[in-house]
1. Looking at the range 358-411 only, could you name the residues that are at positive phi and of a type in the set (S, T, N, Q)?
2. Working carefully through the options 298, 271, find the one that is in contact with a Phe, Trp or Tyr (Cβ under 8 Å, 6 or more places away or on another chain) and of a type in the set (S, T, N, Q).
3. So how many residues does the range 64-78 have that are open to solvent by 10 Å² or more (accessible area, probe 1.4 Å), hydrophobic (A, V, I, L, M, F, W, C) and either outside any helix (DSSP H, G or I) or within 18 Å of residue 231 (Cβ to Cβ) (or both)?
4. Part of a helix (DSSP H, G or I) and touching a strand residue (DSSP E or B) at 6+ places or on another chain (Cβ under 6 Å): which single residue out of 49, 12, 99 fits that description?
5. Which of the following residues is open to solvent by less than 20 Å² (accessible area, probe 1.4 Å) and at pLDDT 95 or above: 304, 349?
6. Criterion first (over 21 Å from residue 289 (Cα atoms) and surrounded by 23 or more Cβ atoms within 10 Å (Cβ to Cβ)) does residue 191 satisfy it?
7. Among the numbered conditions (1) among the polar types (S, T, N, Q); (2) open to solvent by 30 Å² or more (accessible area, probe 1.4 Å); (3) part of a loop (DSSP other than H, G, I, E, B), tell me where residue 326 comes up short.
8. Among the listed residues 258, 265, which satisfies the condition of being outside any loop (DSSP other than H, G, I, E, B) and modelled with pLDDT under 95?
Amino acid sequence: MAASYAGDGTHTGSYYAASANPAPERPALKGDHDTEICVVGAGYSGLSTALHLAEKGHRVTMLEGARVGWGASGRNGGQIVNGLNASLTTIERRYGRDTASFVASLVQEGGEIIRERVARYDIQCDLKQGNIFTAITPAHMRELEARQKHWRSFGIDNQVMLDKAALRDHIGSNFYEGGLLDTTGGHIHPLNLALGEAAAVEANGGVIHEMSPVVSVDTHAARPVVRTEKGSITCDRLVLCGNAYLGHVVPELAPRVMPVSTQVMATEPLSDALAAELLPRDECVEDVRYILDYYRLSADKRMLFGGGTVYGGSDPKDIKAKLKRNMDKVFPQLKSAKIDYAWSGNFALSFSRVPQMGRIGANTYFAHGYSGHGVTGSHTFGRILAEAIHGDASRFDVFAGLPWIPFPGGRALRVPYSVMGSWYYGLRDRLGI
């Protein structure tokens, strides 16, 4: 079965696709080829891996089933949020203090990599500073206070607590109890970041083939072989970064993650005065509920508002109606605002909410399962994958050694079990506990 690419492979009808920087269409793979390193998936994980390796002089070929950034990397909320989906508290409780310290040492690395890439390659992706976690209940505020304290115990002290009054200087809404500002967070135009990184891969000698969905992979050969409908690549090292869109091409990976869809919409451009009223410091925001809202302003002052999850990766019938209700609760000022774009996309959820990294056989590597925190995590994991392939597997081995937890009930029951879990945690949010 081929990787999961519906339609003709062109970008979804998102605001990002409509405002994308010019980019070439790369030819599909045809015929049989040989390379040192083949990377499957031209999203952030694959691009980060490929770029780090190409900069080190490795011969890299990338295969993308659709267009560069077609999946989550070109559709997400565009927020540079430090940390994993699983909190440092959860990681410490589950794996111990040493592992938590290791994770803490790299939770800000993804944002640093993005900023370095943007500066080095002059990537035009509307990079801005600052992100805020918001609390809707007093219980949420206690959660944020505990987070700040715990991160400080690892030497991370870039977070500022904001009470209700202080938060009004950042968000023009009475919806929240307060929040936590991360001064090292930020936001970007996600598709333009991916396109800029792809150009950087090519500038360093890498080759990218678009419209080349993988139909089979031989991970047990001494040199892995990847086959598409019209060609094949034999390589010394193979890196699988298909994430939520790899489908069932690699049976060993399919049970490890579940595709989950989330939705985003974009309003019409707002007036300067209204934009300054809603987000006067132009930071990005997400709340701390289990099923959360997240939003920010685009470069042309549209409100980009996202949220919701659909387990299994299907799209809701009416994205605008689903998100508009939530946006109006936060910003009644936008009740009459026209919605110009609405779209959906999948991310890969791991049951533990911790990304997974590992090896299949001797020469096939993979990374996936960012669980909604992939903008930063994928850039970090790409660097760690590249380190391992280049000869330093010290950080790779830590993540590869973490046990992965299967979804209860296996693939057949993972969706209903996850829905039940979301109902439970959603109820706790509504009850304020």
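The values are calculated or read from the model by the stated rules, or taken from the named source; none is laboratory data. Just so it is clear, the model here is predicted, and its values are computed rather than measured. Here Cβ is always computed from backbone atoms with ideal geometry, including for glycine, and neighbour counts include all displayed protein chains. SASA here: full protein model, heavy atoms, side chains in, ligands and nucleic acids out. Shrake-Rupley method; radii C 1.70, N 1.55, O 1.52, S 1.80 Å.
1. Result: 371, single match.
2. Step by step, each of 298, 271 is checked, and only 298 is in contact with a Phe, Trp or Tyr (Cβ under 8 Å, 6 or more places away or on another chain) and of a type in the set (S, T, N, Q).
3. 1
4. None of the others qualify; the one that does is 49.
5. Just one listed residue meets the conditions, 304.
6. Answer is yes for this residue.
7. Failed condition: (3).
8. Of 258, 265, the one residue that is outside any loop (DSSP other than H, G, I, E, B) and modelled with pLDDT under 95 is 258.
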